[in-house]
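Shown next, in structure tokens, is the structure this report addresses.
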Amino acid sequence: AKREGFSTIPNVKWEDVGGLDSLRKEFDRYIVSRIKNPEDYEEFGVDLETGFLLYGPPGCGKTLIAKAVANEAGANFIHIKGPELLNKYVGESELAVRTIFSRARTCSPCILFFDEVNDRFLRGLLLFCGTVDALATKRGTEGGWVVERLLNQLLIELDGADQRRGVYVIGATNRPKVMDEAVLRPGRFGKHLYVPLPGPNERGLILKALARKKPISPDVDLISIGRKKACENLSGADLAAVLNEAAMAALEEKQSLGEGSFDMKAWTINEAHFDLAMEKIS
Ligand code: ATP
């Protein structure tokens, strides 16, 4: 799986993730430490969940966390987008699920990340089945037969926790309520973790994490920018857009001034660039 490019160790580190400390602690306990010290867990016979569901609003770091966990644990990472599993040929979707789990086993320790596990995934299924009923009923109806088969195969693989030693499964969704309950049971996507919209302090921490490799002026206080009213209700992805706009404003200003007598290398992103960016984003 590694050779064919299906799995890699992601380069996202915990320093790249702003806030979300409690989730980091959970994953350290449930995945990272288990991968790093398997003998300890065996010795004490500790049996913990291997399937996780991250849920919460879009752009708040679900994918980022999953990658950082893999990086921290030195585990391979396979990213599956729900709709990729769809195939109009009978049996092919089940085969796709089997192949994915078998790939994960060949490169364990491995984190199998199912993105858009419901939402767009189910909407994709809906489009595919060509009937609204397929979404409403998901399983057990004529229109939902593809969903039924695909879910059943997924359940078979998820239930084989004993055979998938070293394979951890993380699902991400914006709408856990429309997920099939069978998938959410312990032993499957059994541990549910909420990834919330960041609060005032977390927004500053996210800006700091995002700005690590950017030339920010030393007098810019990212924590107080995060607390500004203009940042209320912004997600991590929105904050990334703010930072990007601020960087763009700095770049344009630098370009408009041209080569001058001042030191062009020392050009940085300052408070005024952030103000411009927030005006634009809001
Ligand atoms: P979706 O539900 O839409 O798939 P998501 O919750 O998986 O979204 P991510 O893809 O992890 O969100 O985040 C999108 C981008 O937003 C990241 O690449 C990063 O730039 C930024 N981001 C979000 N949350 C954080 C965070 N806590 N720390 C740093 N950056 C963040």
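Residues in the range 197-239 that are aliphatic (A, V, I, L, M), within 11 Å of the ligand (Cβ to nearest atom) and touching a Gly at 6+ places or on another chain (Cβ under 8 Å): LEU197, LEU205, ILE206, LEU207, ALA209, LEU210, ALA237, LEU239.
Whenever a residue of the range 44-55 is exposed (fewer than 10 other Cβ atoms within 10 Å of the Cβ), it has no partner that is in a loop (DSSP other than H, G, I, E, B) and not β-branched (Val, Ile, Thr) lying with C-beta atoms less than 8 angstrom away and at least six residues away or across chains. On the stretch given as the range 158-188, residues that are at pLDDT 80 or above and among the hydrophobic types (A, V, I, L, M, F, W, C) total 4. Restricting attention to the range 6-32, the residues that are more than 16 Å from the ligand (Cβ to nearest atom), surrounded by fewer than 17 Cβ atoms within 10 Å (Cβ to Cβ) and over 12 Å from ALA73 (Cα atoms) add up to 1.
Could you tell me whether SER235 is surrounded by 13 or more Cβ atoms within 10 Å (Cβ to Cβ), within 21 Å of the chain's Cα centre (by Cα) and among the small types (Gly, Ala, Ser)?
When the stated conditions are applied, SER235 passes them.
Scanning the range 237-256 for residues that are polar (S, T, N, Q) and modelled with pLDDT of 95 or more returns a single hit, ASN244.
Counting only residues that are charged (D, E, K, R) and assigned to a loop (DSSP other than H, G, I, E, B), the range 203-235 holds 7 of them. Across the range 188-202, the number of residues qualifying as surrounded by 14 or more Cβ atoms within 10 Å (Cβ to Cβ) and part of a loop (DSSP other than H, G, I, E, B) comes to 7. Within the option set ARG98, ARG123, being modelled with pLDDT of 80 or more and outside any loop (DSSP other than H, G, I, E, B) holds for one residue only, ARG98.
Counting only residues that are within 16 Å of the ligand (Cβ to nearest atom), in contact with a helix residue (DSSP H, G or I) (Cβ under 8 Å, 6 or more places away or on another chain) and at negative phi, the range 33-64 holds 7 of them.
The values are calculated or read from the model by the stated rules, or taken from the named source; none is laboratory data. No experiment lies behind these values; they were computed from the predicted model shown. Methodologically, a virtual Cβ is constructed for each residue, glycine included, from the backbone with ideal geometry; neighbour enumeration extends over all protein chains shown.
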